[in-house]
Amino acid sequence: MQYILVTGANGGMGRAVTELFASRGFRVFALDRDACEPRENIIPVRADVTDEESVAAAFDVISGTTRELCGIIHLAGIYMLDSLVEMQPSEFERAFRINVGGAFLINRTFLPLLKKGAKIIMLTSELAVRDPLPFTGLYSVTKTALDQYAYSLRMELQLLGISVSVLRAGAVDTGMIGVSKRALDIFCRNTRLYAFNAGRFREIVDNVEARRIPPSDIAGRLYRIFRRKNPAFAYSINRNPLLIMLDMLPKGARFFIIKKILSA
């Protein structure tokens, strides 16, 4: 029996991933702050990935069941949309604690259960390798940091026979889309510096997020990556054509275009 740990398991993508792996014969430890109901091959584990004691308690639970994990899939994360000069410092710090610190804490804690041949996969974002749009800066910065953390971790863990990969995903049709729209609504209402620009930005967000894929596509891609004997470091899914074209332009041109669009 192979055991795997999935964080953020009670979210839209998390449920799709845990159900797919469970259906393929894996025993899945479904870790989330709000644990799901136990199902066949799915073992719910309640933990907050930002809290060291909580993660340590989760380790005790899991290590009491098995002494070996074949892998970890990181899906825990939050989406932030705000002005970098208007957001609260607590929100800035919270984004890093969850999107980057959570993966660090989980990997550090559960490393003793990862043997040679184990795999770690982290969900980053297509923005991690592109320049962010206005007001998505914090999300992009944290996902870029996570992507670089994963790269550095792969450099080290390859020496122990453990592979690390990232899946850089575009828009996915989960509850996160609703969260991003609510965050945009709040930003549009509260911003004092960018009231007009925020309204224009809403149109860009609608265009970017219109091309969504279902969580099952993410689950399927993660499963295929996991089953590879020697997975590559980075994979992409649902890359947005508008962002790709914008990214191909010189930086000066990008600044000019975004300024013209949001200021018109």
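The values are calculated or read from the model by the stated rules, or taken from the named source; none is laboratory data. Keep in mind that this is a model prediction, so the values were computed, not measured. FYI the Cβ positions are ideal-geometry reconstructions off the backbone, even for glycines, and counts take in every protein chain you see. Only protein heavy atoms, including side chains, enter the accessible area calculation; ligands, DNA and RNA are left aside. Shrake-Rupley method; radii C 1.70, N 1.55, O 1.52, S 1.80 Å.
Does the stretch 120-146 hold any residues that are open to solvent by 30 Å² or more (accessible area, probe 1.4 Å) and either assigned to a helix (DSSP H, G or I) or touching a residue at least 40 places away in the same chain (Cβ under 8 Å) (or both), and which are they?
Scanning the stretch 120-146 gives VAL129, ASP131, PRO134, TYR139, VAL141, THR144, ALA145.
Only residues in the stretch 246-263 that are of a type in the set (S, T, N, Q) count as the first member; pair them with residues that are open to solvent by 90 Å² or more (accessible area, probe 1.4 Å) and in a helix (DSSP H, G or I), Cβ under 9 angstrom, at least 6 apart or cross-chain, and list the lot.
Partner pairs satisfying both residue conditions: SER263/PHE196.
Within the stretch 24-61, work out how many residues are of a type in the set (Lys, Arg) and modelled with pLDDT under 95.
2
Here's a check for you: in the stretch 167-186, which residue that is modelled with pLDDT under 75 and in contact with a Gly (Cβ under 8 Å, 6 or more places away or on another chain) is surrounded by the most Cβ atoms within 10 Å (Cβ to Cβ)?
Per the criteria, the residue is THR174.
Would you mention how many residues in the stretch 2-25 are in contact (Cβ under 8 Å) with a residue 40 or more places away in the chain, out of contact with any Pro (no Cβ under 9 Å at 6 or more places or on another chain) and not basic (Lys, Arg)?
Residues that pass the stated criteria total 10.
Any idea which residue in the stretch 53-101 is surrounded by the fewest Cβ atoms within 10 Å (Cβ to Cβ), counting only those that are hydroxyl-bearing (Ser, Thr, Tyr) and under 28 Å from ARG189 (Cα atoms)?
Among residues in the stretch 53-101 that are hydroxyl-bearing (Ser, Thr, Tyr) and under 28 Å from ARG189 (Cα atoms), the one surrounded by the fewest Cβ atoms within 10 Å (Cβ to Cβ) is SER90.
For ASP173, state whether it is of a type in the set (D, E, K, R), within 30 Å of PHE26 (Cα to Cα) and in contact with a Pro (Cβ under 6 Å, 6 or more places away or on another chain).
yes
Before we move on, is PHE196 assigned to a helix (DSSP H, G or I), modelled with pLDDT of 90 or more and aromatic (Phe, Trp, Tyr)?
No.
Six or more apart or on different chains, Cβ atoms under 8 Å: show the pairs whose first residue is in the stretch 83-102 and hydroxyl-bearing (Ser, Thr, Tyr) and whose second is in a helix (DSSP H, G or I).
Correct list of pairs: SER83/PHE187.
Residue check: is LEU159 closer than 18 Å to GLY14 by Cα and modelled with pLDDT of 95 or more?
Spelling it out, it is not the case that LEU159 is closer than 18 Å to GLY14 by Cα and modelled with pLDDT of 95 or more.
Is it the case that some residue within the stretch 212-228 is assigned to a helix (DSSP H, G or I), modelled with pLDDT under 85 and exposed (fewer than 12 other Cβ atoms within 10 Å of the Cβ)?
Taking every residue of the stretch 212-228 in turn, none turns out to be assigned to a helix (DSSP H, G or I), modelled with pLDDT under 85 and exposed (fewer than 12 other Cβ atoms within 10 Å of the Cβ).
Would the stretch 151-171 turn up any residue that is part of a strand (DSSP E or B), among the polar types (S, T, N, Q) and under 15 Å from the mean Cα position of the chain (by Cα)?
yes
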